[in-house]
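First the structure, in the form of structure tokens, and then the observations on it.
Bear in mind that the values in this text are calculations on the coordinates, not laboratory data. Computed from a prediction, not measured in an experiment: that's the story for all the values here. Neighbour counts run over all protein chains shown; Cβ positions are idealised from the backbone, glycine included.
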Amino acid sequence: MVLKVRSLKELRKFAKSIAKTLKGGEILALSGELGAGKTTFTKLLLKELGIKSRIVSPTFVLMVPYVHRSKTYYHLDLYRTNSLKEVQGLGLEELWGKKNTLFVIEWAERIKKHLPKKTIFLKFEVVSVKTDERKITIKNVKKNFKI
Ligand SMILES: Nc1ncnc2c1ncn2[C@@H]1O[C@H](COP(=O)(O)OP(=O)(O)O)[C@@H](O)[C@H]1O
Ligand SMILES: [Mg+2]
């Protein structure tokens with residue numbers, strides 16, 4: 001499904017509605033150009049899920065885990081990754097899909113072939129720089145999101 005997001009307020013609304021559907025074990029694969037809104041969305045989503053600490057960009061460390069209640073939320077940014085080995089070194093296969101985890105992966109297209117079948121794909125595109133309008137294409141979800 002495709003969603004038009006016209007403002008940060010609308011993006012927050014979407015983050016809120018997708019947060020409600022997350023039960024644990026999901027993998028969110030975020031793609032889109034630099035500045036498309038992946039990090040902004042991740043921050044809004046993690047806030048919505050109750051994470052109070054500052055959400056920092058994992059560009060250099062690849063992965064930042066946030067523990068909240070009984071869950072661990074993993075934020076990954078693969079922008080600077082060229083080697084798949086580096087990503088494999090994180091031991092993702094042992095972690096993702098587990099009920100007490102959530103994965104949000106920026107630049108997930110870099111490891112597309114290795115992502116689990118049930119991965120939810122969110123592609124971010126800027127429709128208009130002038131108006132800040134974004135388009136989010138969501139794949140592999142049952143719910144029809146509305147803004
Ligand atoms: N509707 C919107 N959705 C997402 N980002 C927006 C929106 N409107 C404005 N922005 C701004 O665009 C920029 C997106 O950057 P960022 O989230 O870091 O992108 P990415 O992580 O995809 O490179 C931020 O400065 C954000 O405040
Ligand atoms: Mg980013």
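Looking at Tyr79, is it of a type in the set (Phe, Trp, Tyr), within 16 Å of ligand 2 (Cβ to nearest atom), in contact with a Pro (Cβ under 8 Å, 6 or more places away or on another chain) and not in a helix (DSSP H, G or I)? Please lay out each step first, then the result.
Working: of a type in the set (Phe, Trp, Tyr): yes; within 16 Å of ligand 2 (Cβ to nearest atom): yes; in contact with a Pro (Cβ under 8 Å, 6 or more places away or on another chain): no; not in a helix (DSSP H, G or I): yes.
No, not satisfied.
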Next on the checklist: Here are the criteria: (1) closer than 27 Å to Arg134 by Cα; (2) within 16 Å of ligand 2 (Cβ to nearest atom). Tell me which single one Val61 does not satisfy.
Outcome noted: (1)
Checklist entry - Restricting region 21-43 to residues that are among the hydrophobic types (A, V, I, L, M, F, W, C) and over 10 Å from the mean Cα position of the chain (by Cα), which is farthest from ligand 2 (Cβ to nearest atom)? => result Leu22
Next on the checklist: List pairs: first residue in region 115-142 and under 30 Å from Glu94 (Cα atoms) and free of Cβ contacts under 8 Å to residues at least 24 places away in the same chain, second residue surrounded by fewer than 14 Cβ atoms within 10 Å (Cβ to Cβ) and among the hydrophobic types (A, V, I, L, M, F, W, C) anywhere in the structure, Cβ distance under 7 angstrom, at least six positions apart or on different chains.
Outcome noted: none
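With respect to Glu33, determine if the residue is closer than 17 Å to Phe124 by Cα, among the charged types (D, E, K, R) and outside any loop (DSSP other than H, G, I, E, B).
So Glu33 fails the test.
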